[in-house]
Amino acid sequence: MASTPTLPTPINYRDRSTGLVLFGIAALIFGGLCLMLTATAVLGQLFGPIRSPQGVAGIIPGLLVYGFLAVSLIWLGIGSLLARRWARALLLIASWVALCTGVMSLVTLGLILPGIVQTLQKSQPNIPPTAASLVLIIPLLIVFFFLILVPLAGVLFYRSPHVKATCEARDPVERWTDRCPLPVLAVSLWLGVCVPILLVMPISFRGVLPFFGMLLSGWVGSLGYLAMAALWAWCAVALYRLEVRAWWVTILTILLFSVSNLVTYTQHDIFEVYRMMGYPADQIQAMKAMPFINSKSMAVWSVLPMLPIVGYLLFIRHHFREKSVQEER
């Protein structure tokens, strides 16, 4: 069995061990917060006054996301404390993902919060103007701090050549993150994270799946989610291996998803989807009062986030190359 190669020690760099420790502690703190949110969601569903209409099954996707974030941030925080090269690579990817998510979230909130404030003022005319302003400002400030400033600091720190050299000097063994370009690794990991979420869709949302103008549900929609999970699991592994066919499958499925959502939500009422998912009538009625929840906005928002993803996939295309006949043999 071949031994893992030891890489040459970098020279002429500034040691960033202290920064790695500080950012590692920050990752541990955020991981602990995500763990608390996971526990709070479970306790709220079991004992709280406001619960998911689907019961515990309805909060499984959220539990997966927060649980994954908690475990990942704690694991990566420890890796940063130990100056592991894989931790630097993954924390750089995570910082970029969080930053991009924060920018999109800030734009989205800026578009929908004024409508929420107007609805709140109509339903409660006596609400003070200051309170209405806080409803608009506080969420924007929270997103700006946690999903813009904090990730930006992570990007600037972990992309530094001195941080990279510090980790390589303290961890001179080749790791799995070194075997794939980081831009490609980011997509591979994203697809891998999507797989368990797709697997629980049949349970959490009764398998309701928009499909080119139709709303599949039950075992038919569930099979669609399971097939998509299997396909993206293969894509995640194949992308890591830089197989060009996985790049084609990934971009084509995303484009097909976008077209399917656009066609379906322009032909079906979004509240029909919620009814099929098991939302109670009173909750659907409350959502109808929100100006941004309608079929038109759902069609737009189901496609709009796909555009930067497709653009990014085109950006990383140069990392893949067609295999020659000799390589295939």
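Each value in this text was obtained by applying a stated rule to the coordinates, not by laboratory testing. Not measured: the values here are computed from a predicted model. Note that we place each Cβ from the backbone using ideal geometry, even for glycine, and neighbour counts take in every protein chain shown.
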task = Could you pull out the longest piece of the chain with no exposed loop GluC sites (Glu not before Pro) in it, calling a site exposed if DSSP puts it outside H, G, I, E, B and it has at most 15 other Cβ atoms within 10 Å?
result = 1-173
inquiry  = Taking the Cα centre as origin and putting +1 on Lys and Arg beta-carbons and -1 on Asp and Glu beta-carbons, what dipole magnitude results for the chain, to the nearest 20 debye?
reply    = 320
query = Tell me, in nm to one decimal, what length is gained between CYS100 and VAL237 on full extension, where the rule is 0.36 nm per residue of separation less the Cα-Cα distance?
reply = 47.0 nm
inquiry  = With n ≥ 4 as the cut-off for DSSP H runs, can you work out [θ] at 222 nm for the chain, using -39500 (n - 2.57) per run divided by the number of residues, rounded to the nearest 500?
reply    = -24000 deg cm²/dmol
inquiry  = Show me, for segment 203-208, the HN-Hα J-couplings you get by feeding each phi into the Karplus relation (A = 6.51, B = -1.76, C = 1.60, θ = phi - 60°), rounded to Hz, glycine and proline as x.
reply    = 7, 6, 10, 6, x, 5
inquiry  = I'd like the Karplus ³J(HN,Hα) series for segment 23-28: coefficients 6.51, -1.76, 1.60, θ = phi - 60°, whole numbers in Hz, and an x wherever there's a Gly or Pro.
reply    = 5, x, 5, 4, 5, 5
key: Net lengthening on full extension, THR40/TRP219 (0.36 nm per residue, minus Cα-Cα)   = 61.3 nm
key: Over the chain: Rg over Rh, Cα atoms, Kirkwood Rh   = 1.00
query = Averaged over all directions, how much area does the convex hull of the C-alpha atoms of segment 180-329 cover when projected, in nm²?
reply = 10.1
remark   = Listed by chain and number, the residues whose amide H is under 5 Å from that of GLY213, excluding neighbours fewer than 5 places away on the same chain and using placed H, are THR264
key: Evaluated over segment 59-125, the Cα radius of gyration and Dmax, each in Å   = 18.0, 56
Per-residue ³J(HN,Hα) for segment 34-41, Karplus 6.51 cos²θ - 1.76 cosθ + 1.60, θ = phi - 60°, Hz, x for Gly and Pro = 5, 5, 5, 5, 4, 5, 5, 4
inquiry  = For segment 83-177, report the % of Cα-Cα distances exceeding 21 Å.
reply    = 51
task = Return the long-range amide H neighbours of VAL173 (sequence gap of 5 or more, or a different chain), with a cut-off of under 5 Å between placed amide H atoms.
result = LEU7
message = Between ARG245 and ILE203, what is the label-point separation in nm under the 7 Å Cα-to-beta-carbon projection?
response = 3.3
